[in-house]
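The values are calculated or read from the model by the stated rules, or taken from the named source; none is laboratory data. Quick caveat: nothing in here was measured; it's all calculated off a predicted structure. Cβ: placed from backbone, ideal geometry, glycine included. Neighbour counts: every protein chain shown.
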Amino acid sequence: MIIVMKPGSTENDIKGVSRLLESHGLGVHISKGVERTIIGVIGDKRQLDGIPVELMPGVEKLVPIMESYKLASRTFKPEPSIIEVNGVKIGGRRLVMMAGPCAVESHDQIMEIAFAVKKAGAQFLRGGAYKPRTSPYSFQGLEEEGLKLLKEARDATGLLVISEVTCERAVEAADKYVDMFQIGARNAQNFQLLREVGRSRKPVLFKRGPSTTVEEWLNAAEYIMSEGNYNVVLCERGIRTFETSTRFTLDISAVPVVKSLSHLPIMVDPSHAAGKAQYVAPLSKAAIAAGADGLIIEVHPNPRCALSDAAQQLTPDAFDSLCGEIRKIAEIIGREF
Ligand code: PEP
Ligand code: MN
């Protein structure tokens, strides 16, 4: 439920309502719009049964949130959220670029790629240390050793780092080394894991599952938020359809749809959607033109020799020229990069 305050309601009115909610064991989320303040009620609204909240000074009306996801909904928070990750804002005017290899493979590989993506304009270095591979016999990642290498690259370049966490043990380890957790497509409905990262306050890039609807995805994001972690950035990475010419089908419509249903920022991963390097640039440009807040792209110093996702990773040069094109699109749509 939300409580819509009247235009011109005072700070004291807002405080009065907040105190009332808190005294009934409820949490409060205040969104200050240009005209009105909206107070989001966190918790079981039945705590307020019989209490005439609508008669409190400054209150205009009480509005139930009809969606099954609450904290992630636009009703709860009408203004778009900007998630700040150690100084980089996701969801603001400036686009965010995360780039790096599918997997951290060695010290030299991650260092080389970190300097290259930084030079091209990325703010984040990505790299998988825990790799949820389709086959158990494929390279599974360097685990904590990989996280340490990411941290070294972070210290050397000043880039922020993001890495996927697949289980409680990975969350505990990654917490020490990374700026942002990534939840991968295969864990998009692993509700235990979502609750686990929800109990942390570290920002989370939350990828859509290949077979989840937007509504299921937002409900899954609610698992993270309902534990108190509101630092969630959504990421569309392609869904399973009947089409086989790309690895998955990038659901560009998810960008405006999510923006209308949720206040959370949304990024796009064209690499895993395309599965082939040649399609990454066009999909990236489409995503930014459609309103995505940024991209996460796989880049490898020598894609052909990559230990995972070799076909879809860009060379540093291809990534650099893509960044140049994104810069032009950003200018046309009134954003910066
Ligand atoms: C990845 O980012 O390397 C990855 C495995 O992505 P996804 O979870 O989208 O498949
Ligand atoms: Mn990959």
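When Phe191 is tested against (1) touching a helix residue (DSSP H, G or I) at 6+ places or on another chain (Cβ under 6 Å); (2) buried (at least 23 other Cβ atoms within 10 Å of the Cβ), exactly one condition is not met: (2). Return the residues of region 313-330 that are touching a Pro at 6+ places or on another chain (Cβ under 8 Å) and crowded, with 18+ Cβ neighbours inside 10 Å; say none if nothing qualifies. Within region 313-330, Gln313, Leu314, Pro316 meet the criteria. Within the set Ile51, Ile14, Ile42, the sole residue that is over 18 Å from Met225 (Cα atoms) and buried (at least 17 other Cβ atoms within 10 Å of the Cβ) turns out to be Ile14. Residues in region 71-116 that are crowded, with 19+ Cβ neighbours inside 10 Å and among the aromatic types (Phe, Trp, Tyr): Phe76 alone. A Cβ distance below 9 Å, combined with a sequence gap of six or more or placement on separate chains, defines the contacts here; from region 269-289, residues that are on the phi > 0 side of the Ramachandran plot reach residues that are within 15 Å of ligand 1 (Cβ to nearest atom) in the pairs Gly275/Gly238; Gly275/Thr246; Gly275/Arg247; Gly275/Phe248; Gly275/Asp309; Gly275/Ala311; Gly275/Gln312. Can you find even one residue in region 257-264 that is surrounded by 24 or more Cβ atoms within 10 Å (Cβ to Cβ), among the aliphatic types (A, V, I, L, M) and part of a loop (DSSP other than H, G, I, E, B)? Yes, that holds for at least one residue. Only a single item in (1) touching a Ser or Thr at 6+ places or on another chain (Cβ under 8 Å); (2) surrounded by 15 or more Cβ atoms within 10 Å (Cβ to Cβ) is not met by Leu159, and it is number (1).
The rows are residues; the columns are (1) among the aliphatic types (A, V, I, L, M); (2) farther than 23 Å from Asp269 by Cβ; (3) assigned to a loop (DSSP other than H, G, I, E, B).
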| site | (1), (2), (3) |
| --- | --- |
| Gln47 | no, yes, no |
| Ser68 | no, yes, yes |
| Glu79 | no, yes, yes |
| Gln109 | no, no, no |
| Val117 | yes, no, no |
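Being outside any loop (DSSP other than H, G, I, E, B) and near ligand 1 (Cβ under 10 Å from one of its atoms) is the filter; apply it to region 122-143 and report the residue that is surrounded by the fewest Cβ atoms within 10 Å (Cβ to Cβ). Within region 122-143, the match that is surrounded by the fewest Cβ atoms within 10 Å (Cβ to Cβ) is Gly128. Per the conditions (1) under 18 Å from Leu314 (Cα atoms); (2) buried (at least 20 other Cβ atoms within 10 Å of the Cβ); (3) touching a Leu at 6+ places or on another chain (Cβ under 6 Å), the sole criterion not satisfied by His272 is (3).
Looking at Arg247, Arg304, Arg240, just one residue is within 12 Å of ligand 1 (Cβ to nearest atom), of a type outside the set (Phe, Trp, Tyr), assigned by TED's automatic domain parsing to the domain that holds Met225 and surrounded by fewer than 17 Cβ atoms within 10 Å (Cβ to Cβ), and that residue is Arg240. Test Lys6 against the stated conditions and say whether it is touching a residue at least 24 places away in the same chain (Cβ under 8 Å), surrounded by 13 or more Cβ atoms within 10 Å (Cβ to Cβ) and charged (D, E, K, R). So Lys6 passes the test. Any residue at all in region 181-189 that is out of contact with any Cys (no Cβ under 6 Å at 6 or more places or on another chain) and within 18 Å of Asn86 (Cα to Cα)? Yes, region 181-189 has at least one match. What about Ser253, is it away from ligand 1 (no atom under 16 Å from the Cβ) and free of Cβ contacts under 8 Å to residues at least 40 places away in the same chain? Taking the combined requirement at face value, the residue satisfies it.
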